[in-house]
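Written out below as structure tokens is the structure these notes cover.
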Amino acid sequence: MSTLQTLIDATALGSIYALMAVGIGLVFGVLRLVNFAYGQLIMAGAYTLALTNGYNPALSILLCFAVVLGLTMTMEVVAFRPLRGTSPATMLAATFAISFLLQSIALLKFGALGKSVGTLTGLNRPIGHGSLIVRWIWIVAIVVAVAALAGLLLLLNRTSLGLQMRAAAADFRTASLLGVRANRVISLAVLLSGVLAATVSVILTVEQPYVTSDYALQDTIIVLVGVVVGGIDSLGSATLGGFALGFATSFLAAKLPVFGLGDPKYLYSAVFALVVIVLLLRPGGLFARRGQRAVERV
Amino acid sequence: MTALLEVQELEVRYGAVPAVRELSLEVGEGEIVGLIGPNGAGKSTTLNAIMGLVGAQRGDIRFAGRSVRGWKPEAVSRAGIALVPEGRRIYAHFTVEENLRLGLVGRGDRDGADRDLAWIHELFPIVDEFRNRHAGALSGGQQQQLAIARGLAAGPRLLMLDEPSLGLAPQLVDVVFDALAKIRERGVSVLLVEQRAQRTVAFADRTYVLSNGEITLTLGPQDAGDTERMIAAYLGA
């Protein structure tokens, strides 16, 4: 495979990871919460798409959003809100529990055999007929990732709602005594992260149509690491981190030897060795501003 | 004079320990009322209970004729009470203007907000001058002005301040007290918690002395020179 093709593939995976990183970074920024269960929101969306195979694609996608948003709000009301103000470790443990709970439910309900999604298969077609393969879905992923990041940055930095979100995140009590409906604006941020998760479900199932109970689990772990490597304290650096790790994973996968089909022994050793080195050199994050101190590490 | 704020036999407990007991006080329209007392007497607790930041076990809090006991802080704020909290609680990483804009969140009247902002900028010129700076880069006195400005931005009928002069140099204390006089002239009532007992008694229309969670004395400006009486009240005699 040509190096240029490898770079294109890496950019494509990087964009999907960047989109996941925006959602994870948003929740961290507003709740100081590392949502380990983010991957299971994507999994739930993917199952919805698989179970509604054969429906009108628009309806199928609508149902996917409905299920993911419903699940997101359930998480917020049942787990995140009651734990607001507890230590980050407590909240992280809670999201671990939710993550494994949802995986187990999916395994019980849908079995170990996966289900296939065929909603937007057409977008997996390559563009043109050249020797380089560029798929439509990659273009969609890049455009959506850039638009989502830009939209959220505008919302957070240029609107009153964004200001209220940041205020509620930084000091909940003071925000509420200023008249900010702090619980409401935080729930809205969580809901937005759910919209992003549903979007990822739709995009990711085009490329990886085979849905199992551990769908998107590995991707979420890599993105979480990427977000910390990039610099979790700002949405921009977190997203870049997600992109960088997706890019590095895909690039190294093409360059490293493989034992049998999809055995990633070398890949993950190389990727995570790189992560350790980056964190030793730049503990605040690769893309964080210099001098910024490291925050709560996961 | 009709009472704007009426606190009736308020009791607040932290666990089994009562922080405030049978506390009754009033703030009338356009009045400046002081609340003084030693550390731990329950002054901040009283303000926080009025604001809805801590729950009250007994008694009532009536504002503009309605009971606001049990309301959430954001609802109390939107009803017309602003609290300038102890330690100022400004957002250090936000700009001065963003801090000020947060004060506007609860109000719907665009025109009134513009009028109030113009007045606030006149009252505290630094809030306008340093609008693009990070609030954390301001001096303590400037941060206190910003905190008061932010409270006023909500257009409150009652402004409550929790030790606004704490840690300020004497001339900055003057700035704060002068501002409070002008705030009252604009028709906003003030409930002032302070450590500077003598100055507060001389300044306010009426000052309650709080000791061990109970009001032990009510003083008027004419009592400002009566040091013995104040010390006795402080000691709970």
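Every number here is computed from the coordinates shown, using simple stated rules; none is lab data. Note that the coordinates shown come from a computational prediction; the quantities given were computed from them, not determined experimentally. A quick note on method: Cβ atoms are made from the backbone with ideal geometry, for glycine too, and the neighbour counts reach across all protein chains shown.
Tally the residues that are assigned to a loop (DSSP other than H, G, I, E, B) and more than 7 Å from chain B (Cβ to nearest Cβ), restricting the search to segment A:149-177. Don't jump to the end; show me each part of the working.
Step one: list which residues in segment A:149-177 are assigned to a loop (DSSP other than H, G, I, E, B), which gives A:159, A:171.
With the extra rule that they be more than 7 Å from chain B (Cβ to nearest Cβ), the set shrinks to A:159.
Adding up the residues that qualify gives 1.
Only residues that are among the polar types (S, T, N, Q) and part of a strand (DSSP E or B): list them for segment B:190-207, please. Walk me through how you get there before you give the answer.
Step one: of segment B:190-207, the residues among the polar types (S, T, N, Q) are B:195, B:198, B:200, B:207.
Within segment B:190-207, just B:Thr207 meets the criteria.
Just to be sure, is A:Ile203 among the β-branched types (Val, Ile, Thr) and within 14 Å of A:Val22 (Cβ to Cβ)?
On the way: among the β-branched types (Val, Ile, Thr): yes; within 14 Å of A:Val22 (Cβ to Cβ): yes.
Answer is yes for this residue.
Could you list all residues from segment A:199-257 that are in a loop (DSSP other than H, G, I, E, B), touching a Leu at 6+ places or on another chain (Cβ under 6 Å) and within 21 Å of A:Leu51 (Cβ to Cβ)? Give the steps one after another, and end with the answer.
Residues of segment A:199-257 that are in a loop (DSSP other than H, G, I, E, B), as a first pass: A:208-209, A:212-216, A:231-234, A:256-257.
Going one step further and asking which of them are touching a Leu at 6+ places or on another chain (Cβ under 6 Å), we end up with A:213, A:256.
A:Ser213, the sole residue that qualifies.
Return yes or no: is B:Gln198 of a type in the set (S, T, N, Q), over 28 Å from B:Gly108 (Cβ atoms), buried (at least 18 other Cβ atoms within 10 Å of the Cβ) and without any contact (Cβ under 8 Å) to a residue 40 or more places away in the chain? Write out each step before concluding.
Working: of a type in the set (S, T, N, Q): yes; over 28 Å from B:Gly108 (Cβ atoms): yes; buried (at least 18 other Cβ atoms within 10 Å of the Cβ): no; without any contact (Cβ under 8 Å) to a residue 40 or more places away in the chain: yes.
When the stated conditions are applied, B:Gln198 does not pass them.
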(request) List every residue pair whose Cβ atoms sit under 9 Å apart, with the two residues 6 or more apart in sequence or on different chains, where the first one lies in segment B:77-88 and is facing chain A (nearest Cβ under 7 Å) and the second, anywhere, is among the acidic types (Asp, Glu). (result) B:Leu83/B:Asp162; B:Pro85/B:Asp162
(request) Would you please list the contacts, defined by Cβ atoms under 6 Å and residues six or more apart or on different chains, that run from a residue in segment B:90-104 that is within 7 Å of chain A (Cβ to nearest Cβ) to a residue that is in a helix (DSSP H, G or I) and of a type in the set (S, T, N, Q)? (result) B:Tyr91/B:Asn99
(request) Of the numbered conditions (1) outside any helix (DSSP H, G or I); (2) away from chain A (no Cβ under 14 Å), B:Gln144 fails exactly one; give the number of that condition. (result) (1)
(request) Those residues that are out of contact with any helix residue (DSSP H, G or I) (no Cβ under 8 Å at 6 or more places or on another chain) and within 14 Å of chain A (Cβ to nearest Cβ), I need them from segment B:16-53; list them, please. (result) B:Ser44, B:Leu47, B:Asn48, B:Ala49
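Is it true that some residue in segment B:215-222 is farther than 29 Å from B:Val17 by Cα and touching a Ser or Thr at 6+ places or on another chain (Cβ under 9 Å)?
Within segment B:215-222 (the criterion being farther than 29 Å from B:Val17 by Cα and touching a Ser or Thr at 6+ places or on another chain (Cβ under 9 Å)), the answer is yes, since at least one residue qualifies.
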